Amino acid sequence: MKNHSEQVLRHIPGLRRYARALLANPDAAEDLVQETLARALGKLRLWRPGSNMRAWLFTVMHNQFVNDARRYQNRPDRMAEYCGETVSGHASSETLAHLNDIEAALQQLPEAQREVLLLVTLEGLSYTETATVLRIKKGTVMSRLHRAREHLRKVLLEPPATNVKPIRRLQ
Amino acid sequence: MNPEHVSSEELHAYVDNQLDAQRRIEVEAWLATHGDAARQVDDYRALQQRLHRHFDPVLAEHPGTSLPKSRAVFGLNHLLRPAMAILLMLASGLLGWSLKSADDKNVEAVAYTDLVQPAAFAHQVYSSDPNYPVEIPAIRRASLNQWVSKRMHTDLQAPDLAASGFRLIGGRLLPSTNRMAAQFMYEDTQGERLTIYIRRIAADSNSSFEYMDQDNLHIFYWINNFVGYAVVGVQPATRLIAVANAVNRLAR
């Protein structure tokens, strides 16, 4: 048990980074980390030594995230507070106003795509690990990753179309 | 795999270093003659760098370090950030585990059968009862305290948890595994209930806060001078820690 707890401690920074990127609200992110740790500690004796502790902790966090999101779905007001999204799944412009552009772009992604993108690109999980954590097929990981990247690319890297079009029309 | 054709999936796998060495070289060669795909790869990498630049500083945050050192295990303060509390819990847990002897293991077993299990069960039975969740309601608080104290042969008061956002509903006495137990029930503004279960424990141990998840319930429990306490609820562990703290402060 002692070694296992120490292992949990080692992974806290990564869990915190992931939670912060997943949720627009830093307090909600901290609560998610905290709940995840509490759950993981409660279930530590169920963890199989030799298996991937990091992936297991992200699995616990994913389950907690899904539970929380479900709980907030009946309360649109709380949902927006929780992850910057309205019930329709799209972030409201009001919620996004105070976010940095990369945070805002992330919040525009559906949760399922956001999770895949962050596990792969920020936390460096393999496609197979990501599929296991989220309990989805590897093919689904790939398609969500593709859509998420293309969205961010469009929003963050392409020059806004409005700056170009009026000039063309003048010609 | 065809070196002349690189799929969209392979482009991602290339960016994420998930291709084998041979295919990696082939994809690199292919990219040299396919400008659009090369730009796509560059963009994906740029996005990845931006994500890391923006979120990596979080890795260096140590919410646990600002904790005053003089605070003992029971000094968990509800004003502390939740992660600090968890770190502290973990730290105390580590110490506990490393010093564990046969006696301690016995205490652990006793705490589970005589405290955690009956507390969780009593919570499930009574907190969901729409009509008679408690035997003596909060308006007769004085009688409740008096009755419980008398039957438990110790001075017991239902703690005031208003500061943690919980209103007392009332309480009851219960037969536990081999002793009497008291259950106080509270409700938050959302109507979610929480119970505090208190009983004598035949093990002299001043244990640190322990945590357990059982059937969707969060349970914080500890033993102090032969008395066991369990705080049980579905609320986030953060809130339960605050309650456990308040209860422990009042009980000492």
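Along the Cα-to-C-beta direction of residue A:9, a point sits 7 Å from the Cα; which residues of region A:45-63 have their amide N less than 15 Å from that point? From region A:45-63, the list is empty.
Less than 14 Å Cβ to Cβ from residue B:36, Lys/Arg counted +1 and Asp/Glu -1: what total charge do the surrounding residues give? My count for the surroundings of residue B:36 gives -2.
The modelled label-to-label distance between residue B:226 and residue B:36, using points 7 Å beyond Cα along the C-beta direction, is 8.2 nm.
Taken along the Cα-to-beta-carbon direction at a fixed 7 Å, the label points for residue B:179 and residue A:66 span 4.1 nm. The calculated FRET efficiency for residue B:142 paired with residue A:111, based on their beta-carbon distance and R0 = 51 Å, is about 0.50.
Calculated on the Cα set of region B:8-60, radius of gyration then Dmax: 13.1, 41 Å.
When only alpha carbons are used to place a centre, region B:180-252 and region B:1-55 end up 53 Å from one another.
Throughout, read-outs are computed from the coordinates displayed, never taken from laboratory work. In this text, all values refer to a predicted model and were calculated from it rather than measured experimentally. A quick note on method: Cβ atoms are made from the backbone with ideal geometry, for glycine too, and the neighbour counts reach across all protein chains shown.
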